[in-house]
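Participant: Can you read through this structure? Questions will come right after.
The values are calculated or read from the model by the stated rules, or taken from the named source; none is laboratory data. Model, not experiment: these values are computed from the prediction. Counting neighbours? That spans all protein chains shown, and the Cβs are built from the backbone with ideal geometry, glycine included.
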Number of protein chains: 2
Amino acid sequence: MIHQNNSSAGYTLPPIGENPSTEAQGTNPGSFAKPSKIAPGVEGRYTFASPDTPGMPEPSMKTAWDFMPEDWTLKAGYEENYQNAEAWQTPDGFEPMTQLESARMGIVTPEMLRVAEKETHLTPEQIRDEVAAGRMIIPANKVHLGYNLEPMCIGRASKTKVNANMGASPVSSGTDEEVEKLKWAEKWGADTVMDLSTGGKIDECRETIIQNSLVPIGTVPIYSMIIGRKIDDLNREIILESLEQQAKQGVDYFTIHAGILQEHLEFVKDRLIGVVSRGGSLLAKWMIIHRQQNIMYTLWEEICDVMREYDVSFSIGDGLRPGGLADATDAAQLAELVALGTLTERAWRKGIQVMVEGPGHVPFDQIEYNMKLERQLCHGAPFYVLGPLVTDIFPGYDHITSCIGATAAGYHGASMLCYVTPKEHLGLPKKDDVKQGCVAYKIAAHASDVALGIPGTRDRDDELTKARAALNWQKHFDLSFDPDVARAYHDEDLDVDTDFCAMCGHDWCSVRISKEIVQFASGKDADYAWDKTKISEALTDEQKEILEKRGVLSPDQIHKLASKTKKVMEADKDKASCHSDYVDTDDAQTLQETSLPIIE
Amino acid sequence: MIHQNNSSAGYTLPPIGENPSTEAQGTNPGSFAKPSKIAPGVEGRYTFASPDTPGMPEPSMKTAWDFMPEDWTLKAGYEENYQNAEAWQTPDGFEPMTQLESARMGIVTPEMLRVAEKETHLTPEQIRDEVAAGRMIIPANKVHLGYNLEPMCIGRASKTKVNANMGASPVSSGTDEEVEKLKWAEKWGADTVMDLSTGGKIDECRETIIQNSLVPIGTVPIYSMIIGRKIDDLNREIILESLEQQAKQGVDYFTIHAGILQEHLEFVKDRLIGVVSRGGSLLAKWMIIHRQQNIMYTLWEEICDVMREYDVSFSIGDGLRPGGLADATDAAQLAELVALGTLTERAWRKGIQVMVEGPGHVPFDQIEYNMKLERQLCHGAPFYVLGPLVTDIFPGYDHITSCIGATAAGYHGASMLCYVTPKEHLGLPKKDDVKQGCVAYKIAAHASDVALGIPGTRDRDDELTKARAALNWQKHFDLSFDPDVARAYHDEDLDVDTDFCAMCGHDWCSVRISKEIVQFASGKDADYAWDKTKISEALTDEQKEILEKRGVLSPDQIHKLASKTKKVMEADKDKASCHSDYVDTDDAQTLQETSLPIIE
């Protein structure tokens, strides 16, 4: 919210740029910020974007409407206006199997309706249009919908999403434990969960997770394809059979590293840390052994056929993602991104929903470029990024190094942020690591949404600010993302809630003074003077002197004072420990005054 | 580092924008990235900046050379070329007292020499020129220099700095404890420390801190001015006397909230949370009581005279900084920023070094605007920002919410970042909170420097990436900012270092495969095939089968394996637990193979 009308103050501020929030905050979709250019026919009505720094790659002029199945016919007269359902004739007897196909036919599916209930700034028709344009996906396997899946969407028009990774291993984790981890990730706000299991009763575990999850489940199917085999032996039959099996189980999206190609391998030698994607390195090895193109790339259309039956979405993996800042935005990564664009087009022609995976280590200044290059090469297909980390030298804190990058990514173009935990590069995350990763990424996603001005996203921030202004601690905690931690940190210093805070005490509280300023500025209390608040005449001179100094009360003193207040008010008996619930301002001040001299 | 020469791959990438890192990384100062415009005569040779998003405020065309003392005479013929020492005649008998005055006279001070040793990409003369232009300060009270102060600089040409706050209170903390906190903050990388004490033996404590600190110490002098008195009674004598006393003690910089003016108070009523700066609210109250302009504003030149004697620097406080996203970039804040620009000019005319304080809560998209507006209104005086927090709803995690904002601030224009701890808004930070705050802000500062392409700043990241590529855990830890935490997290899963990591095991390690790809791509090993790495024929069929599956070893299995390996290699006796120190690759693999069947 930027105020421009302040000429009354006697100065003129410099012009403010096209700031998305300026236009978008709290208003209707018609006034959303727009990218500098947008594909014709879709006009970016429902997308959010950061302004482009000079030199950034321009948006693609194409959308999924430009990559229609060959057996769909463009009706005569629609050559210039082909980006809508009316322009297209489907093949005889065609039944839509995927959300994308439904959207292309103009159908608002039940899943789109449910998504619109959660994305309150979007209508079901806007959801449908975004899905049709390929800028949004609803990863919802039909089998999973038969259990408890709560449909959600991933795309630039909607709120930024967060993914949490989990995974069983042969001995350390059973199916029950994995379900518990799933519920934990859901509790801390994960919008999707990837099951990266590599061992244990892997099929049974996956099935149980799918049956229990409210959120979409993604997998990297190559992990199970090579269990009990060498990568050498990977072939068409194994691939299609594995995918069919997982699709049938209800997996909502597959990460497939089809973009790493033979011709990219020469770029790897210029890197500091080569290939860090496990799927990418396995397929690289397969190509080296077989001296053939990436089998996932060549089988792409057949893979699409398997996925279409269940409406599994693609998360096209970036096998050449950089493993350190030095390898970021390099020839290997960019070459692969070009291939990811091609794969996106091919998937759209088969009616499959697509998101594209993005880099894990990127210097802060290169994030916008990476996001906007994807927007160009992949025609706005949702970008699903890992972090990225903006420095390499803080192992143990990579949930922080990466949520910085994730915020910039979310602002500049990513639609889903894959979390990184404090254990990244060091070991497998434990339960608290999962929580820390989720919280850091909810921060990143929310900060992005606020920055983009998605309507309504800042409301809770503003409510919390108001609770702070009112010194209403209970409401402060209630509005916090993690109320328990907020309360625990607060109570460490001050175990009763008061209408002043531990920093300044009652009289010198800046919030309190602000209220007086407001009265003063409004002219309602032009005669207001500080000394109106009298100290009781019953006090001794010494007591008065102490009182006059109470602006510099230490936390310990305030703590003691608060405890006394609490006792006097009998708040320790049965009332919620929210001062404003049980005492008015004058009483609080009187109590403070009378109690203070007792304190050391 | 962005690679452009990849046409050999058969595709052409879109052009890459003016990315500071592209030009600046690792090269000489002559090729530094430049802001779009720069004041004449200084040409931005030594400054780093992000490219300007369209609509951003343009840089000021003025520098400190435009605000010279009235008794300095511009020599004839220098009207067009006044931004250098030769152009100016000082008054008779003039002796420089501040770094700024020395710089204006063309003098390279001993402090500039020492600063240049730490900012290895800058020469002493470049430091001097930046100080003369007002874009850099060296906060170094002459008294503090007589103790142990290690001079440092704050400015856009140098590395981004971090401040940590501390402060004694009447009962909870003695002088010894405060010195311990100071050393703790220094250990975790604080570049300056602010002593915000409000009680206890406040003068004695401040003096001891100054005598013991290697880093500059800042204070908010109004806190001690009102101890034992009411804000009503604040007057000229008290102010100048207090400042004189603290200056004489050796305080390096003063935060003075002189920019909040009477005419700004009307804007406060439009805010959700009014005035959140304690200094700001006290002075607001003073103005309301006395119906006079901010006394700090009217006394500015006299304050400068006191500070000049000791070379105390200004940190001009932002009393109207926003207390929530809703109040960010509002009329109150921007009106005050205009006043901060005026105060900057007035201080420069008195020869005083200046930095300007900036906002604490700002949506991510408004950060660049805030940074670049300061660059315009305050003519590039170093910007010292608190956070800013990019969301309000994560109390307990505000070291994270704010270090996201701090990274963007550092990239777009801030020179020093004031840390925020997890206790922000909730209570007073304890020792671990101080550490968490420092680490988060070292991340922000370092990520900014890497993004800006300050030469040499990414070297340690690259070394760590190389250590990762070599699976050299010991070096990995040594290069980490917090080696103990990194090692602890690692050892939780794997208590011996190996040349594979806990995720993939030995054979499917992507780093290992990368090496093979390099050999393959280089043509050195065109016949390379995976099956060359033979499994010992001495193994049973069952053992071989297990071995073939070892790519999916669980962490627990690897842990057991690693422990066994360690024992066999006698690494648990007296050697550092770094595998590569005591076993070569073949031995490691053999060991793994022979040990594996023993595992469950």
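Participant: Do we have B:T401 as in contact with a strand residue (DSSP E or B) (Cβ under 8 Å, 6 or more places away or on another chain) and hydroxyl-bearing (S, T, Y) here?
Facilitator: Working: in contact with a strand residue (DSSP E or B) (Cβ under 8 Å, 6 or more places away or on another chain): yes; hydroxyl-bearing (S, T, Y): yes.
Spelling it out, B:T401 is indeed in contact with a strand residue (DSSP E or B) (Cβ under 8 Å, 6 or more places away or on another chain) and hydroxyl-bearing (S, T, Y).
Participant: For the range A:177-188, name all the residues that are surrounded by fewer than 19 Cβ atoms within 10 Å (Cβ to Cβ) and either of a type in the set (A, V, I, L, M, F, W, C) or in contact with a Cys (Cβ under 7 Å, 6 or more places away or on another chain) (or both).
Facilitator: Within the range A:177-188, A:V179, A:W184 qualify.
Participant: Restricting attention to the range A:447-456, report how many residues are at pLDDT below 95, crowded, with 21+ Cβ neighbours inside 10 Å and within 28 Å of A:W184 (Cβ to Cβ).
Facilitator: The number of residues fulfilling the criteria is 1.
Participant: Just to be sure before I move on: is B:M166 in the same structural domain as B:G380 (by the TED database) and either touching a Leu at 6+ places or on another chain (Cβ under 7 Å) or farther than 25 Å from B:T344 by Cα (or both) in the structure I sent? Walk me through how you get there before you give the answer.
Facilitator: Working: in the same structural domain as B:G380 (by the TED database): yes; either touching a Leu at 6+ places or on another chain (Cβ under 7 Å) or farther than 25 Å from B:T344 by Cα (or both): yes.
So B:M166 fits the description; yes.
Participant: Here's a follow-up. Within the range B:268-357, considering only helices (runs of 4 or more DSSP H) that don't extend past its boundaries, which have at least 2 residues that are touching a residue at least 12 places away in the same chain (Cβ under 8 Å) and within 13 Å of chain A (Cβ to nearest Cβ)?
Facilitator: Working: elements: B:278-290, B:295-298, B:300-310, B:331-349.
In the range B:268-357, the matching helices (runs of 4 or more DSSP H) lie at B:278-290, B:331-349.
Participant: Here is a follow-up. Counting only residues that are aromatic (F, W, Y) and more than 7 Å from chain A (Cβ to nearest Cβ), which one in the range B:460-482 is surrounded by the fewest Cβ atoms within 10 Å (Cβ to Cβ)? Break it down stepwise before answering.
Facilitator: Pass one, the range B:460-482, residues aromatic (F, W, Y): B:473, B:477, B:481.
With more than 7 Å from chain A (Cβ to nearest Cβ) added as a condition, the list becomes B:473, B:477.
Values: B:W473: 27, B:F477: 24.
So the residue we want is B:F477.
Participant: So which residues in the range B:127-171 are β-branched (V, I, T), crowded, with 24+ Cβ neighbours inside 10 Å and under 30 Å from B:W88 (Cβ atoms), if there are any at all? Please lay out each step first, then the result.
Facilitator: So the first thing to find is which residues in the range B:127-171 are β-branched (V, I, T), and the list is B:127, B:131, B:137-138, B:143, B:154, B:160, B:162, B:171.
Retained after the next criterion (residues that are crowded, with 24+ Cβ neighbours inside 10 Å): B:127, B:131, B:137-138, B:154, B:160, B:162.
Correct list: B:I127, B:V131, B:I137, B:I138, B:I154.
Participant: Condition (residue is under 25 Å from A:D66 (Cα atoms), touching a residue at least 60 places away in the same chain (Cβ under 8 Å) and within 19 Å of the chain's Cα centre (by Cα)) applied to the range A:383-404: is it met by at least one residue?
Facilitator: Yes; the residues of the range A:383-404 include at least one that is under 25 Å from A:D66 (Cα atoms), touching a residue at least 60 places away in the same chain (Cβ under 8 Å) and within 19 Å of the chain's Cα centre (by Cα).
Participant: Here are some residues: A:K442, A:K431. Which one is surrounded by 24 or more Cβ atoms within 10 Å (Cβ to Cβ), more than 7 Å from chain B (Cβ to nearest Cβ) and over 26 Å from B:A469 (Cα atoms)? Give the steps one after another, and end with the answer.
Facilitator: Working: A:K431 fails: surrounded by 24 or more Cβ atoms within 10 Å (Cβ to Cβ).
The conditions single out A:K442.
Participant: Moving to a separate point now. Could you please give the count of residues in the range A:75-91 that are surrounded by 13 or more Cβ atoms within 10 Å (Cβ to Cβ) and of a type in the set (A, V, I, L, M)?
Facilitator: Number of matching residues: 2.
Participant: Might you check whether a residue that is at pLDDT below 95 and among the basic types (K, R) occurs anywhere in the range B:432-446?
Facilitator: yes
Participant: How many residues does the range B:92-123 hold that are surrounded by 11 or more Cβ atoms within 10 Å (Cβ to Cβ) and on the phi > 0 side of the Ramachandran plot?
Facilitator: Number of matching residues: 1.
Participant: Conditions first: (1) of a type in the set (K, R); (2) within 30 Å of B:S402 (Cβ to Cβ); (3) in contact with a strand residue (DSSP E or B) (Cβ under 9 Å, 6 or more places away or on another chain). B:R104 passes all but one, so which condition is the exception?
Facilitator: Here B:R104 meets the rest and fails (2).
Participant: Read through the list (1) in a helix (DSSP H, G or I); (2) touching a Leu at 6+ places or on another chain (Cβ under 9 Å); (3) over 23 Å from B:A444 (Cα atoms), then give the number of the only condition that A:T407 fails.
Facilitator: (3)
Participant: Follow-up question, since we're still on this one. Please specify each residue of the range B:371-401 satisfying the condition of being in a helix (DSSP H, G or I) and facing chain A (nearest Cβ under 10 Å).
Facilitator: Initial filter on the range B:371-401 (in a helix (DSSP H, G or I)): B:371-377, B:398-401.
B:K372, B:L373, B:Q376, B:L377, B:D398, B:H399, B:I400, B:T401, listed by residue number.
Participant: In addition: Just wondering, is there one or more residues in the range B:459-467 that are in a loop (DSSP other than H, G, I, E, B) and without any contact (Cβ under 8 Å) to a residue 12 or more places away in the chain? Walk me through it before giving the result.
Facilitator: We begin by selecting, within the range B:459-467, every residue in a loop (DSSP other than H, G, I, E, B); these are none.
Looking through the range B:459-467, none of the residues is in a loop (DSSP other than H, G, I, E, B) and without any contact (Cβ under 8 Å) to a residue 12 or more places away in the chain.
Participant: With the checklist (1) facing chain B (nearest Cβ under 9 Å); (2) touching a Leu at 6+ places or on another chain (Cβ under 9 Å); (3) farther than 19 Å from B:H399 by Cα; (4) not acidic (D, E) in hand, flag the one item A:Y489 doesn't pass.
Facilitator: (3)
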